[in-house]
1. Would you say Ser219 is farther than 19 Å from Ser117 by Cα and buried (at least 22 other Cβ atoms within 10 Å of the Cβ)?
2. Could you list, in sequence order, all residues of segment 242-300 that are modelled with pLDDT under 95, over 19 Å from the mean Cα position of the chain (by Cα), under 29 Å from Ala186 (Cβ atoms) and not polar (S, T, N, Q)?
3. How do the pairs read when you match residues in segment 116-144 that are in contact (Cβ under 8 Å) with a residue 60 or more places away in the chain and closer than 24 Å to Gly224 by Cα with residues anywhere that are polar (S, T, N, Q) and assigned to a strand (DSSP E or B), using Cβ under 6 Å and keeping only pairs 6 or more apart or on different chains?
4. Scan segment 1-57 residue by residue and report those that are free of Cβ contacts under 8 Å to residues at least 60 places away in the same chain, among the charged types (D, E, K, R) and under 23 Å from Met220 (Cα atoms).
5. What are the residues in segment 123-138 that are among the hydroxyl-bearing types (Ser, Thr, Tyr) and part of a strand (DSSP E or B), if any?
6. Pull out all pairs, ordered by first then second residue, where Cβ-Cβ is under 8 Å, the residues are six or more apart or on different chains, the first lies in segment 205-229 and is touching a residue at least 60 places away in the same chain (Cβ under 8 Å) and among the polar types (S, T, N, Q), and the second is part of a loop (DSSP other than H, G, I, E, B) and surrounded by fewer than 22 Cβ atoms within 10 Å (Cβ to Cβ).
7. Which of the residues that make up segment 381-401 are touching a residue at least 12 places away in the same chain (Cβ under 8 Å), surrounded by 14 or more Cβ atoms within 10 Å (Cβ to Cβ) and closer than 28 Å to Leu434 by Cβ?
8. Can you give me the number of residues within segment 257-288 that are in a loop (DSSP other than H, G, I, E, B) and either among the polar types (S, T, N, Q) or over 21 Å from Ile106 (Cβ atoms) (or both)?
Amino acid sequence: MALKFYNTLSREKEIFVPINPPNVGFYSCGPTVYNYPHIGNYRAYIFADTLKRVLQYEGYKVNHIMNITDIDDKTIRDSQKEHKTLKDFTEFYTAEFLKDIKSLNIELPTKLTKATSYINEMVAIIKKLLDNRLAYKSADGSIYFDIKKFKNYGKLSHLVIEEQKENASGRIKTDEYEKDNAQDFALWKAWDEKDGDVFWETELGKGRPGWHIECSAMSMANLGEQIDIHTGGVDNIFPHHENEIAQSEGSTGKQFVKYWMHNEWVLVDQKKMSKSAQNFYTLRDLIAKDINPLAYRFWLLMANYRTRINFVWEAVEGAETALKRLYGLYLELGNEYGHIHKEYQNKFKEYLEDDLDTPRALTLLWDVMKDENMSNGDKRATVLDFDKVLGLGFDNLKKDVIPHEVTKLAEEREQARKNKDFKKSDELRNEISLLGYLIRDDENGYKITKIESSNFFKKI
């Protein structure tokens, strides 16, 4: 079966054919480092990580670029509130982001690019757009992209420009604006007193870049004028990705991205999770409730990336219980390493090749664990093979000494079983589970397992 992805540009599943196989140029929108990302944001990064892992699993060589937006309205505003330099402020939140992605077992991209390191590249693109008469300078010295002069504007988001309000020259200087109304957008923002000491002296004048031009400059500088895959959340389709297409293709005359892929929202109370709505949680909130970040990754993989999901604590707690169960079954396999089961592997690839069907892939993982016809060594090899894509940290699991409190409860439960007091036996099993241990009965009595990943389950 061929690898197929849903392309936002065509609104169809398409067979994946890279521009220069086996190489894949892959760009994903990273964080704006003005605060801790919320767990809804992390769906985009886990999705991008899963996609990259699938591509590598299929034998492609992936050059993955992810940006760090360390210059925009929000970073300037909040750094000033905290009386810090922009550099000190953004470097702190960049470091926190890197801690978070490590806890989620997200592989680092090939290169993390900071917007402030690509000012010259942005200026060069803007100059081309001015030369191509797709951009203009307003009275205050800011430079805007004229969307009416780019004939394909709206092809990604399917906006019909003729139905939009008239653009007003120089009116839209902020990075974010009405999501349902296309406007000329800022490529370069002339300095004003609100920017303080954040500016660059360039051929375009004293100022700083707009948000959208940053990603075009970073992607083209590292991946070339045409790239295979660009990812992000659905909220980036318009205006950010639409504007990326306009300014990139307007400067080169070539198709910018072949496959646009977007993940859906994480909701809270059936509403989009966002900082502006104050209805969000961070990874720190999960950890405060003793929920390991990998349980959140596991919960997200239980749904297709293009499906909206509603966050409730009980669901993530249930995911953690299920993941611990999987870990327990894996640890009981011992240390023998056998052979990857080819039939299971082929099914696993088939599911993932169908637009990253991780829910069915996880079902297959359970099937492997429960297959009585497989040796423990073959199960272990197959699980570790699957985990190259799933990223659930099986290869980092370790067993710990069981504390006396847990062994005492286990003995009480064993006695209850012998007395056929199954209600009490179940209650004691639940108590043991709440302490972070799994108990499994076998012909020799029972086994107790504590689940902990040495690398990924540490508190942030």
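1. On the way: farther than 19 Å from Ser117 by Cα: no; buried (at least 22 other Cβ atoms within 10 Å of the Cβ): yes.
So Ser219 does not fit the description; no.
2. Ala277
3. Matching pairs, first to second residue: Val123/Thr202.
4. Lys52
5. Here is the first cut: in segment 123-138, the ones among the hydroxyl-bearing types (Ser, Thr, Tyr) are 136, 138.
Within segment 123-138, Tyr136 is the sole residue that qualifies.
6. Gln226/Ile19; Gln226/Lys254; Gln226/Gln255
7. Residues satisfying the conditions are Val383, Leu390, Gly391, Leu392, Gly393, Phe394, Asn396, Leu397.
8. From segment 257-288, those in a loop (DSSP other than H, G, I, E, B) are 264-265, 269-270, 273-282; that's our starting set.
The next check asks that each one be either among the polar types (S, T, N, Q) or over 21 Å from Ile106 (Cβ atoms) (or both); those that pass are 269-270, 274, 276-279, 282.
Qualifying residue count for the region: 8.
The values are calculated or read from the model by the stated rules, or taken from the named source; none is laboratory data. Keep in mind the model is a prediction, meaning the values are calculated, not measured. Cβ sites come from the backbone with ideal geometry, for glycine too, and all protein chains shown count toward neighbours.
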